[in-house]
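Student: Below are the structure tokens for one structure; questions will follow.
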Amino acid sequence: MNILKQDIQYIKGVGPKKAYLLKRLNINTVEDMIWYMPRDYEDRRNIKRIANLRPGEKATFYGIILGEGDVSKPRKNLSLIKFNVKDETGNIEVIFFNKTYLKKTLNSGQRVMINGEIKKGFKGLQVVNPIIEKVDMLDTDNRQGIVPIYSLTEGLSQNEIISIQKRILQIVNESIEEYLPEEIMNRCRLCNIKFALNNIHFPSNVQALKIAKYRLVFEEFLLLQLGLFKIKTGIVQDKKGIPLKNNNGIEAFIKKLPFKLTKAQEKVFNEISKDLERDTPMNRLVQGDVGSGKTIVAIAALLKSVINGYQGAFMAPTEILAEQHYVSLTELLEPLGIKVGLLVGSLSKGEKNKILNKVESGEINIIIGTHALIQEGVKFCNLALVITDEQHRFGVRQRAILASKGQNPHVLVMTATPIPRTLALILYGDLDISIIDHLPPGRKTIKTYSRTSNKRDDIYNFVKKQLDEGRQAYVVCPLVEESEAIEAKSATEIAHELSYDLLNGYKIGLLHGKMLAKEKEEIMGNFKTGNIEVLVSTTVIEVGVNVPNATIMVVENAERFGLAQLHQLRGRVGRGSYQSYCILINNSKSEISKERMDIMEKTTDGFVISEKDLKLRGPGEFFGTRQHGLPELKIANLFRHISVLKTAQKEIEKMTHADPDLTLNNYPLLRIKLEEKFLSVEEVL
Ligand SMILES: Nc1ncnc2c1ncn2[C@@H]1O[C@H](COP(=O)(O)OP(=O)(O)OP(=O)(O)O)[C@@H](O)[C@H]1O
């Protein structure tokens, strides 16, 4: 068996208990461990001897505790504990304020590592309130030079992870073979895999770390791009599309709408319309911030395919949204004699079959649905346009499967999350991008406030005021059921609490992912018609729900959400002409949370928010590849390492000259690596 695939539990020194903790860090196998990258490094090459310490400097040194801690209480509310620490060259006094419990944990003879500012005391040098770490004789070996710092989980210390990682490296050093092609390594000056793995974890010097990192980043990008190439070419081969040239009735349809299209909508629709007329398939991404009016653009495009005698399909990420689109499309298009259908997972078998038959016979012109649309049994009569309203939920492959149900239909992807151009290019290949860059007129900026939960009474009094004026409200909660581990309040509980207490007397509805589709539909329907005044919901409403009369949103435990998600959620209000409000209840004192809330208060611009979001995510974080159905990037960063990405892309171009289908027949090890990397992804699909 390939040792890299071995369960980490069976590695010497790990065992079931540590393996259990490692699982929490998503480390299951030897390979997962080796790809568990340090989140940072600390340069400990300048570890000092005590005799060389100088007052005023911040220094790190090792020593042994001599005797017991000496506790004194010079004042009320102030206790001191002093330790004498020595090494072979001298002594130093180590003092802590109000930490007398250290008497129990730091015993005489304990070896410690200390980091702090050195001061001149009465009796010689001293260091006050330093960082102190217990170390074993053995451990000091682990903690010299440039040392890695890994993210931890409760119960596993830095030292333990380092020891495991060292052991794993020994194993890997004996078994791993280079899998990148030699000519690429030479051309791009890449170090070999052994050097890279050893030095990314335990760098022998700063230069070695850089070289190691470059190789690993390059490798991740190369594999990602190769995988994408395979997915795309595997499905779409023939590039002849269906030209849709007839425009009869489109203008009249647009004129009859209850509103005038914005300039941005017109421009984007024209771009789409031109693409549809070509005989090569359209491949276009429409980006528009929340509430910018993407749906109507999609509807007009679908109408165009029907006018030309073809079918259109519209895939939405949730049933609620599919249902909502179904209602809008039916309202707008059925009067024109166009037949619209809905296909979602929760239909009965009989209902589903009826719809499937009508899609296959061509009786249904436009079909709207969820993932149900890409199932095998779905066959079209003459599909010419595929739209995915995806908000990052569909993978490259799913989109391609839907497209494969027609003869190279035109493909339109809509997203509310601004995607930086480079990332869009990776994910969507050579697609064109249209941006709806302003909102419909008359929209007022949503006022956003961040408050702590001790203000809940005031917050809900404010909600009541809005309700009394005839508006509606959302209350968003992160979890469905109370969980011990995460103290987020459950939607069910909050709905109860509000109806008995803070919003007593108002009509409250509950919506969460575990409800049956029929129940969800009913609740949403009642919210739309105003029969429900307050919708207490989990994030199922995050995407696309449109109820313009809802003007206030309260987000409970807002600290649990990422910025992009908060922006999506907030986009559920401010969709009509009323002044709208978003109140974020933040119970975290962490700096990052505060910063997130500040950003939400200051801006409603999705592009600014997504940029900040990326900045707030630490190094090593990736931007949503997983959500797109691609393997996670462990070390490469799509923003920071763009030049490496480009180099990798160039190499792929070169490879395709010799091997147009990228069969990788000449590079069997690389092919295996690629298959492994994308295997987990395929399983998901
Ligand atoms: N030109 C317009 N003038 C006025 N209202 C418009 C215009 N275009 C769309 N709307 C309305 O704006 C609201 C939001 O539109 P839509 O649901 O298409 O937004 P969206 O871009 O899909 O947003 P999200 O990504 O949040 O779902 C809808 O109520 C829609 O009827």
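Student: Out of curiosity, is Leu285 surrounded by 18 or more Cβ atoms within 10 Å (Cβ to Cβ), out of contact with any Ser or Thr (no Cβ under 8 Å at 6 or more places or on another chain) and not assigned by TED's automatic domain parsing to the domain that holds Val545? Steps first, please.
Tutor: On the way: surrounded by 18 or more Cβ atoms within 10 Å (Cβ to Cβ): yes; out of contact with any Ser or Thr (no Cβ under 8 Å at 6 or more places or on another chain): no; not assigned by TED's automatic domain parsing to the domain that holds Val545: yes.
Taking the combined requirement at face value, the residue does not satisfy it.
Student: Being open to solvent by 70 Å² or more (accessible area, probe 1.4 Å) and not charged (D, E, K, R) is the filter here; which residues of the stretch 212-230 pass it? Steps first, please.
Tutor: Going residue by residue through the stretch 212-230, those that are open to solvent by 70 Å² or more (accessible area, probe 1.4 Å) are 213-214, 230.
If the condition is that a residue be open to solvent by 70 Å² or more (accessible area, probe 1.4 Å) and not charged (D, E, K, R), then Tyr214 is the only one that fits.
Student: Within the stretch 550-567, is even one residue more than 16 Å from the ligand (Cβ to nearest atom), free of Cβ contacts under 8 Å to residues at least 24 places away in the same chain and not in a loop (DSSP other than H, G, I, E, B)?
Tutor: No.
Student: Asn91 versus (1) polar (S, T, N, Q); (2) free of Cβ contacts under 8 Å to residues at least 40 places away in the same chain; (3) touching a helix residue (DSSP H, G or I) at 6+ places or on another chain (Cβ under 7 Å): which is the lone unmet condition?
Tutor: (2)
Student: Whether any residue in the stretch 140-155 is more than 30 Å from Asn98 (Cβ to Cβ) and assigned to a helix (DSSP H, G or I) is what I want to check.
Tutor: Yes, the stretch 140-155 contains a residue that is more than 30 Å from Asn98 (Cβ to Cβ) and assigned to a helix (DSSP H, G or I).
Student: Separate question: Which pairs turn up if I take residues in the stretch 575-593 that are within 16 Å of the ligand (Cβ to nearest atom) and look for partners that are modelled with pLDDT under 80 with beta carbon separation below 7 Å, at least 6 apart in sequence or on another chain?
Tutor: Ser577/Gly442
Student: Within the stretch 50-66, track down each residue that is in contact with a strand residue (DSSP E or B) (Cβ under 6 Å, 6 or more places away or on another chain), modelled with pLDDT of 90 or more and more than 30 Å from Leu169 (Cβ to Cβ).
Tutor: Correct list: Ile50, Ala51, Leu53, Pro55, Ile65, Leu66.
Student: Next question, about the same structure. Among the residues that make up the stretch 460-475, is at least one of them within 16 Å of the ligand (Cβ to nearest atom) and modelled with pLDDT under 85?
Tutor: Taking the stretch 460-475 as the starting set, the residues that turn out to be within 16 Å of the ligand (Cβ to nearest atom) are 471-472, 474.
Pick out the ones that are also modelled with pLDDT under 85 and you get none.
No, every residue in the stretch 460-475 fails to be within 16 Å of the ligand (Cβ to nearest atom) and modelled with pLDDT under 85.
Student: Another question, if that's okay. Looking at the stretch 306-322, is at least one residue of a type in the set (Gly, Ala, Ser) and within 16 Å of the ligand (Cβ to nearest atom)?
Tutor: Looking through the stretch 306-322, at least one residue is of a type in the set (Gly, Ala, Ser) and within 16 Å of the ligand (Cβ to nearest atom).
Student: Could you check, for the stretch 382-404, whether at least one of its residues is away from the ligand (no atom under 16 Å from the Cβ), open to solvent by 10 Å² or more (accessible area, probe 1.4 Å) and at pLDDT 90 or above?
Tutor: yes
Student: Please indicate, with yes or no, whether at least one residue in the stretch 115-130 is touching a residue at least 60 places away in the same chain (Cβ under 8 Å) and either open to solvent by less than 20 Å² (accessible area, probe 1.4 Å) or not assigned by TED's automatic domain parsing to the domain that holds Leu66 (or both). Can you show your working first?
Tutor: If we filter the stretch 115-130 for residues that are touching a residue at least 60 places away in the same chain (Cβ under 8 Å), which is where we start, we get 117-120, 125.
From what is left, the residues that are either open to solvent by less than 20 Å² (accessible area, probe 1.4 Å) or not assigned by TED's automatic domain parsing to the domain that holds Leu66 (or both) are 118.
Yes; the residues of the stretch 115-130 include at least one that is touching a residue at least 60 places away in the same chain (Cβ under 8 Å) and either open to solvent by less than 20 Å² (accessible area, probe 1.4 Å) or not assigned by TED's automatic domain parsing to the domain that holds Leu66 (or both).
Student: Going by the structure shown, is Asp279 out of contact with any Ser or Thr (no Cβ under 8 Å at 6 or more places or on another chain) and outside any helix (DSSP H, G or I)?
Tutor: Details: out of contact with any Ser or Thr (no Cβ under 8 Å at 6 or more places or on another chain): yes; outside any helix (DSSP H, G or I): yes.
The answer is yes for Asp279.
Student: Among (1) of a type in the set (S, T, N, Q); (2) in a loop (DSSP other than H, G, I, E, B); (3) within 36 Å of the chain's Cα centre (by Cα), there is one condition Asn46 misses while meeting the rest; what is its number?
Tutor: Among (1) of a type in the set (S, T, N, Q); (2) in a loop (DSSP other than H, G, I, E, B); (3) within 36 Å of the chain's Cα centre (by Cα), the lone unmet condition for Asn46 is (3).
Student: Can you list residue pairs whose Cβ atoms sit under 7 Å apart, with the first residue in the stretch 370-387 being over 29 Å from Lys274 (Cβ atoms) and the second being hydroxyl-bearing (Ser, Thr, Tyr)? Count only pairs 6 or more apart in sequence or on different chains.
Tutor: Thr370/Thr318
Student: Out of the residues in the stretch 452-479 that are outside any strand (DSSP E or B) and aliphatic (A, V, I, L, M), state the one that is farthest from Arg570 (Cα to Cα).
Tutor: First, pick out the residues of the stretch 452-479 that are outside any strand (DSSP E or B): 452-471, 477-478.
Remaining after also requiring aliphatic (A, V, I, L, M): 459, 463, 467.
Numbers: Ile459: 16, Val463: 15, Leu467: 18 Å.
The extreme case among them is Leu467.
Student: Further question: Determine, yes or no, whether Asn77 is touching a Phe, Trp or Tyr at 6+ places or on another chain (Cβ under 7 Å), on the phi > 0 side of the Ramachandran plot and open to solvent by 50 Å² or more (accessible area, probe 1.4 Å). Please lay out each step first, then the result.
Tutor: Working: touching a Phe, Trp or Tyr at 6+ places or on another chain (Cβ under 7 Å): no; on the phi > 0 side of the Ramachandran plot: yes; open to solvent by 50 Å² or more (accessible area, probe 1.4 Å): yes.
The answer is no for Asn77.
Student: From Leu244, Leu257, Leu303, which residue is within 13 Å of the ligand (Cβ to nearest atom), closer than 22 Å to Ile338 by Cα and over 32 Å from the mean Cα position of the chain (by Cα)? Explain how you work it out, then say what you get.
Tutor: On the way: Leu244 fails: within 13 Å of the ligand (Cβ to nearest atom); Leu303 fails: within 13 Å of the ligand (Cβ to nearest atom).
None of the others qualify; the one that does is Leu257.
Student: Just for the stretch 260-297: of the residues that are within 18 Å of Ile307 (Cα to Cα) and of a type in the set (A, V, I, L, M, F, W, C), which one is nearest to the ligand (Cβ to nearest atom)?
Tutor: Ile296
Student: Still on this structure, please answer the following. Pairs under 9 Å by beta carbon, first residue without any contact (Cβ under 8 Å) to a residue 40 or more places away in the chain and β-branched (Val, Ile, Thr) in the stretch 317-345, partner in a strand (DSSP E or B) and surrounded by 21 or more Cβ atoms within 10 Å (Cβ to Cβ), six or more apart or different chains?
Tutor: What qualifies is Thr330/Val340; Thr330/Leu342; Ile338/Ile366; Val340/Ile366; Val340/Ile367; Val340/Ile368.
Residue-wise test of (1) under 23 Å from Val573 (Cβ atoms); (2) not in a helix (DSSP H, G or I).
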| position | (1), (2) |
| --- | --- |
| Arg284 | no, yes |
| Val297 | yes, no |
| Ile320 | yes, no |
| Pro335 | no, no |
| Leu342 | no, yes |
| Ser346 | no, yes |
| Lys358 | no, no |
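Student: Looking only at the stretch 440-458, which residues are within 12 Å of the ligand (Cβ to nearest atom) and open to solvent by 80 Å² or more (accessible area, probe 1.4 Å)?
Tutor: Pro441, the sole residue that qualifies.
Student: Another question, then. Residues that are modelled with pLDDT of 80 or more: list the helices (runs of 4 or more DSSP H) wholly contained in the stretch 573-685 that include at least 3 such residues. Quick ask: steps written out before the conclusion?
Tutor: Numbers: elements: 591-602, 606-616, 642-658, 668-684.
Correct list: 591-602, 642-658, 668-684.
The values are calculated or read from the model by the stated rules, or taken from the named source; none is laboratory data. Predicted model only: the values in this text are computed from it and were never measured. Using ideal geometry, Cβ is built from the backbone for each residue, glycine included, and neighbour counts are taken over all protein chains shown. Only protein heavy atoms, including side chains, enter the accessible area calculation; ligands, DNA and RNA are left aside. Shrake-Rupley method; radii C 1.70, N 1.55, O 1.52, S 1.80 Å.
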